[in-house]
Amino acid sequence: MTEVIETTLLRGQLKLLQPKQGFHASTDTVLLAAALGEKSKVTRKQKLLDLGCGVGSAGLCVTLNNSNISLTGLDIQECLVGIAHQNATLNQLSDRCRFFSGNLVKERQIEDNFFDLAICNPPYQEAGTHTPSPRLNKALSHGEDASETTLKDWCKYLQKKIKQGGFIYMIHRADRLDDVIVELTAKRWFGSLVVLPIHSREGEPAKRVIVKARKERYAPIKLLPALVMHEKDGSYTKTASQILDGKAFIDM
């Protein structure tokens, strides 16, 4: 049985059980959820897919802030999916949430052409380019080797599950932005890309990007002004702090 600890996100608004050992939700989780924008903009019922949901952290952040969202999560790790169900119950969101375990290459339970929105945080490390963690849950979260799924597999799965005209939001390493763009657009699965660079500090290279794309809709790529996370002294910038507190959102 996986030993868990209780943590929080959004400065205590979301209660979150997580494994004591291994991968934990981070600022990337909250930034990805915030990229869907203000809750007031989702004015009708919408179905959200959280691909690689883990314990449900990003999807639950979105669902907590919007009563019009119904959430479906998929993760390869069955133990994390069990915790995701507990987290939905812990935050009184279980009536709008469901979670499945399975490899996205083989998954056959979740409906095709069904979702209005999707969020995902694919493994950042390309297969063969790093030494996988000895902890399986960390290896599956961080690298493509353990799950034997590539970024192309993730994009193909999203294309299959999202409705025509639906939106996806992906957070990834900035130095793999070229891979993200290629895999999303090579077969014209997605277009109308919007890219947000995320910098640790002003003047430093971006470490993360959030990419928004739309299924079978095509417009020139748009590069947004960067989000800077930290001041020179290491404290969060005002904008970053408001996002992490759940008081502000990212307009993409």
Subject >> Residues being at pLDDT below 95, within 13 Å of the chain's Cα centre (by Cα) and among the acidic types (D, E) - total across region 1-53 >> reply: 0
**OP:** Go through the residues of region 189-209 one by one and say whether even a single one is under 21 Å from the mean Cα position of the chain (by Cα), of a type outside the set (F, W, Y), on the phi < 0 side of the Ramachandran plot and open to solvent by 50 Å² or more (accessible area, probe 1.4 Å).
**Re:** yes
Original post:
Which residues, counting only those in region 89-133, are hydroxyl-bearing (S, T, Y), open to solvent by less than 50 Å² (accessible area, probe 1.4 Å) and modelled with pLDDT of 95 or more?
Top reply: S101
Original post:
Name the pairs whose Cβ atoms lie under 8 Å apart, with the first residue in region 80-95 and over 12 Å from P19 (Cα atoms), the second surrounded by fewer than 16 Cβ atoms within 10 Å (Cβ to Cβ) and hydroxyl-bearing (S, T, Y), and 6 or more positions between them or separate chains?
Top reply: H85/S94; A88/S94
Original post:
Would you say Q159 is more than 16 Å from the chain's Cα centre (by Cα) and of a type in the set (S, T, N, Q)?
Top reply: no
**OP:** Answer yes or no: is there a residue in region 71-81 that is surrounded by fewer than 17 Cβ atoms within 10 Å (Cβ to Cβ), of a type in the set (G, A, S) and under 26 Å from M1 (Cα atoms).
**Re:** no
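The values are calculated or read from the model by the stated rules, or taken from the named source; none is laboratory data. What you see is a predicted model; the values in this text were computed from it and never measured. Every residue, glycine as well, gets a Cβ built from its backbone with ideal geometry; the counts of neighbours run over all protein chains shown. The protein model used for the area step is the full one, side chains on, heavy atoms only, and it has no ligands, DNA or RNA in it. Shrake-Rupley method; radii C 1.70, N 1.55, O 1.52, S 1.80 Å.
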